[in-house]
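Notes for the one structure printed next.
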Amino acid sequence: MGEIKVSPDYNWFRSTVPLKKIIVDDDDSKVWSLYDAGPRSIRCPLIFLPPVSGTADVFFQQILALTGWGYRVIALQYPVYWDHLEFCDGFRKLLDHLQLDKVHLFGASLGGFLAQKFAEYTHKSPRVQSLILCNAFSDTSIFNQTWTANSFWLMPAFMLKKIVLGNFASGPLDPEMADGIDFMVDRLESLGQSELASRLTLNCQNSYVEPHKIRDIPVTIMDVFDQSALSTEAKEEMYKLYPNARRAHLKTGGNFPYLCRSAEVNLYIQIHLLQFHGTRYAAIDPSMVSAEELEVQKINLHTSTEQEEQ
């Protein structure tokens, strides 16, 4: 149990990448926590937004791998925000504070929904260069919880944790997926009542994405074919919303593929970001491109050949 927490990779990450805390709102209690790794010269990094149960370090395997390739990567943990507009305003202030004009966003579940809402919120003065949406959704009504969204703030922490755990996979799982769930349960335990209540409120508050506002943004939709908290209908809705999106399918991976299928997820992220190499929106150090690009293209070619043969 808890294999990831004691793994050499996780301990190396915790000992080498500092956790920063930043306040951008007038309210001092709203603290953004983030890991910022990779070359600071990159002005359009990839930013990771976690799910309801996640903290910034759930993306440690992406941070280690991608910074090794020369990318600048930032993983975030949200302060307590109670509505989408408030979140978007706070996130915009954070990007201003970090002096980042445009960014690529990788959002997992709730993080994916918030990434879309932020792109929509800034569509008149765009701040989002591209989106990678992992197990994401476009309409909160899929959870059938919009009527309880306004009462999460009243619930004790143990009840909120029970609601979140109800979406975690149960039954027989392969060791990597079991380790991933153990790690997420551990991260969930570290969240306080207001953090959890506010995230569940954002997750279930009646809202949907307006696609016409963000249709020009390059999108990759990443999802899994095995059991996850998202229904088939919710996935189909995402495909309809983004008909031109690239699709990154993983045969298995459950709710947290970035933990238990990190090599595949990292590859799909690199393939997505390739289209920006050589532009001012590249998330990678230009001196690292040639070697990395050749390697990814070689693996990508091999993967697509395998898929065609199946």
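Express as a percent, rounded to the nearest 5, the fraction of DSSP beta bridges in the range 4-309 (both residues included) that run antiparallel. Please report the intermediate quantities before stating the final value.
Numbers: 11 of 33 bridges.
Of all bridge pairs located within the range 4-309, approximately 35 percent are antiparallel.
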Dipole-positive endmost among TRP12, PHE276, TYR242 within the range 4-309 (Cβ charges, Cα centre)
PHE276
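Okay, helix-only estimate at 222 nm for the chain: each DSSP H run of n ≥ 4 adds -39500 (n - 2.57), divide by all residues, round to 500 deg cm²/dmol; what do you get?
Numbers: 11 runs with 128 residues, N = 310.
Roughly -12500 deg cm²/dmol at 222 nm, from the helical runs in the chain.
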Pairs of alpha carbons in the chain whose separation is greater than 29 Å (percent)
31 percent
Alpha-carbon centroid distance for the pair the range 192-228 / the range 238-278, whole angstrom
16 Å
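Tell me, what is the percent relative contact order of the chain, built from C-alpha pairs under 8 Å that lie six or more residues apart? Working shown, then result.
Values: 537 pairs, mean separation 65.4, N = 310.
Value for the chain: 21 percent.
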Test item: Cα-centred dipole of the chain, Lys/Arg +1 and Asp/Glu -1 on Cβ, debye
660 debye
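Rounded, prolate or oblate: which one fits the range 124-188, using the alpha carbon gyration tensor with axes a ≥ b ≥ c (rounded when a/c is under 1.5, else prolate when a/b beats b/c, else oblate)? Could you put the intermediate results ahead of the total?
Details: a/c = 2.09, a/b = 1.17, b/c = 1.79.
Because a/c hits 1.5 or more and a/b fails to exceed b/c, the range 124-188 counts as oblate.
Can you list the trypsin sites (Lys or Arg not before Pro) in the range 195-281 that are in a DSSP coil and have 16 or fewer other beta carbons within 10 angstrom?
Within the range 195-281, the qualifying trypsin sites (Lys or Arg not before Pro) (loop, at most 16 other Cβ atoms within 10 Å) are ARG215, LYS251, ARG280.
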How about the range 51-107: which trypsin sites (Lys or Arg not before Pro) there are in a DSSP loop, with at most 14 other Cβ atoms within 10 Å of their Cβ?
none
Among the listed pairs LYS102/LYS124; LYS102/LYS213; LYS117/LYS240; LYS5/LYS30, which are separated by more than 21 Å between their Cα atoms?
LYS5/LYS30
Tell me, what % of the accessible area of the chain is carbon and sulfur with a 1.4 angstrom probe?
53 percent
Calculated SAXS-style log₁₀ I(q)/I(0) at q = 0.11, 0.15, 0.24, 0.26 Å⁻¹ - the range 188-270, Debye, Cα scatterers:
-0.40, -0.75, -1.20, -1.21
Say each of HIS97 and THR16 gets a label point 7 Å from the Cα, pointing the same way as Cα to Cβ; how far apart are those two points in nm?
2.7 nm
Quick one: if you stick a label point 7 Å off each Cα along the C-beta vector at SER29 and LYS213, how many nm between them?
2.8 nm
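Per residue, what accessible area does the range 4-309 have, given a 1.4 Å probe and all protein chains present, in Å²? Mind showing how you got there, number by number?
Details: 13420 Å² over 306 residues.
It amounts to 44 Å² per residue over the range 4-309.
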Counting only the heavy atoms of the protein chains, how much of GLU236 is accessible to a 1.4 Å probe, in Å² to the nearest 10?
90 Å²
Once MET288 and GLU236 are pulled to full extension, the length gained, defined as 0.36 nm per residue separation minus their Cα-Cα distance, is 15.0 nm
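The values are calculated or read from the model by the stated rules, or taken from the named source; none is laboratory data. Only a predicted model underlies this, so the values are computations on that prediction, with no experimental measurement involved. Virtual Cβ from ideal backbone geometry, glycine too; neighbours counted across all protein chains shown. Surface areas here come from the heavy atoms of the whole protein model, side chains and all, with no ligands, DNA or RNA. Shrake-Rupley method; radii C 1.70, N 1.55, O 1.52, S 1.80 Å.
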